[in-house]
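Novice: Please find one structure pasted underneath; my questions will follow.
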Amino acid sequence: MSTDWSAVYRTLYPELVRFLHRKVWDAERAHDLAQEAFVRALRHRPRKPRQWLFQVAANLARDEARSVIRRKRHLALLKSDADAGGGGATSPDPSAEAEARERTGRVRRALEALSERDREALLLWDAGASYTEIAEHTGLAVGAVGTTLARARKRLAAAYHEITQAGETDVARG
């Protein structure tokens with residue numbers, strides 16, 4: 001049985017981008033990584049394209065995170081060597097942009113506070129994966145996926161609330 005790759009691309013690409021965006025927090029980079037996953041899929045022609053693509057995407061995102069960390073360390077070294085003068089373009093609404101960045105940062109920190117399994121399960125579910133696919137990807141039993149997702153959502157909400165409360169406390173002290 002041959003795979004209709006154009007149909008796979010049409011159905012999975014948006015889900016894969018959404019999954020990757022929540023891992024790398026950069027829409028353009030998420031699109032690039034999704035494209036790379038599909039390029040690799042066309043080379044390897046996996047029997048289970050959806051599962052394979054999400055696994056490859058997760059690996060690409062993990063590699064991307066490592067690369068970003070290395071780049072940030074390098075930039076921090078460069079910045080410490082140079083006397084940063086500042087000056088950049090201002091956005092039309094800096095307060096709204098700052099608030100959106102803060103909210104995104106809180107969500108990212110809340111996701112990072114979860115265990116790898118909880119984070120993967122939530123991100124896969126959000127990307128439209130079925131319970132069976134989530135089970136295959138995470139190693140959970142299919143019957144445990146719903147419970148894991150429910151608990152992961154509660155942990156995510158609690159972590160977000162804690163981060164938000166800590167931010168308000170810091171502002172009040174400031």
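Just so it is clear, none of the values below were taken in a lab; they were calculated from the coordinates. Here the structure is a predicted model, which means the values were calculated and not measured. Virtual Cβ from ideal backbone geometry, glycine too; neighbours counted across all protein chains shown.
Novice: Using the eigenvalues of the Cα gyration tensor, what equivalent ellipsoid semi-axes result for segment 93-174 when each is taken as the square root of five times the eigenvalue, whole Å, largest first?
Specialist: So the equivalent ellipsoid measures 31, 14, 8 Å along its semi-axes.
Novice: Trypsin sites (Lys or Arg not before Pro), restricted to segment 6-59: which are DSSP loop and have at most 14 other Cβ atoms within 10 Å?
Specialist: Within segment 6-59, the qualifying trypsin sites (Lys or Arg not before Pro) (loop, at most 14 other Cβ atoms within 10 Å) are ARG47.
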